[in-house]
1. Please list, in order along region 99-106, the HN-Hα scalar couplings obtained from phi with the Karplus expression 6.51 cos²θ - 1.76 cosθ + 1.60 (θ = phi - 60°), rounded to whole Hz, x for Gly and Pro.
2. For the chain, what relative contact order do you get, as a whole percent, if you take Cα pairs closer than 8 Å and at least 6 residues apart?
3. For the chain, what % of the accessible area comes from carbon and sulfur atoms, probe 1.4 Å?
4. Of the listed values [x] 27, 24, 17; [y] 23, 21, 17; [z] 34, 32, 12, grab the one calculated as semi-axes √(5λ) of the Cα gyration tensor in Å from the structure here.
5. At a Cα cut-off below 18 Å, give the aspartates and glutamates reachable from LYS57, other chains included and same-chain residues fewer than 8 away excluded.
6. For region 119-126, what does the Karplus curve 6.51 cos²θ - 1.76 cosθ + 1.60, with θ = phi - 60°, yield as ³J(HN,Hα) per residue in whole Hz, taken in order and with x for Gly and Pro?
7. Which links in LYS148/LYS175; LYS8/LYS33; LYS9/LYS148; LYS8/LYS46 stretch past 18 Å when you go from one Cα to the other?
8. Would you mind working out the accessible area per residue for the chain, using a 1.4 Å probe, and quoting it in Å²?
Amino acid sequence: MFLLPNGKKLDEEEICFTMENYDLEVQSFLDAKTGEIERISEMFDKEADERLSSFNKEPGRYFVIPQIPSHEQYKWMEEFVEEMVSMEDPNLAQRLEDALNGRGAFRRFKDILVDTENGWMDAWHQWKNDYVYREMTEWLASLPLDIKEDMEIDDDCALCQTLKDGQTEFKMLQKKFREMRRRL
């Protein structure tokens, strides 16, 4: 989990969703005070100019959340086919490569994955989510804020507490693991 300097938790899922859903008509902003995401659509928001101007009155509070362009997401599909699918299922890989040509490539690609078995759609979602998460962490690191990454842990888990405390020595982790096993 990521925390703002004031301790507010960021909604990672919402930030990732915002980054992934490319829409030129909507600008999204992270409010560094509340951790909330503000969206402005000049097409549908009659007060868009007014809201943008109010954002500018508080420098360092609102940051534009970048959207991942569709050509970048297209590259992810190509890499997924090349690095994952082609080794396991060359026939499916060929179908997906064919689907990636021309207009409507995203829809055809997903339709083919939906119609296949063996968990390829789940694999694609995990592949894509990993890329989006990486983009989010890089963007958060680029902000002029002291955003902290904190582990979400179970307070009852001795091993988790040890890791959270920064103790990563093998012997210490092994000791905590043994303690946990004895309790079971």
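The values are calculated or read from the model by the stated rules, or taken from the named source; none is laboratory data. Just so you know, these numbers come straight off a predicted model, no measurement behind them. For accessibility, only protein heavy atoms count, side chains too; no ligands or nucleic acids. Shrake-Rupley method; radii C 1.70, N 1.55, O 1.52, S 1.80 Å.
1. 5, 7, 8, x, 5, x, 4, 4
2. Numbers: 173 pairs, mean separation 39.4, N = 184.
Result for the chain is 21 percent.
3. Details: 5870 of 12310 Å².
Reported share for carbon and sulfur atoms: 48 percent.
4. [z]
5. Cross-link targets: ASP31, GLU36, GLU38, GLU47, ASP49.
6. With the stated coefficients, region 119-126 comes to x, 5, 5, 4, 4, 4, 4, 5 Hz.
7. Details: LYS148/LYS175 28 Å; LYS8/LYS33 8 Å; LYS9/LYS148 10 Å; LYS8/LYS46 30 Å.
From the list (LYS148/LYS175; LYS8/LYS33; LYS9/LYS148; LYS8/LYS46), the Cα-Cα distance tops 18 Å for LYS148/LYS175; LYS8/LYS46.
8. Numbers: 12310 Å² over 184 residues.
Computed with neighbouring chains in place, this is 67 Å² per residue.
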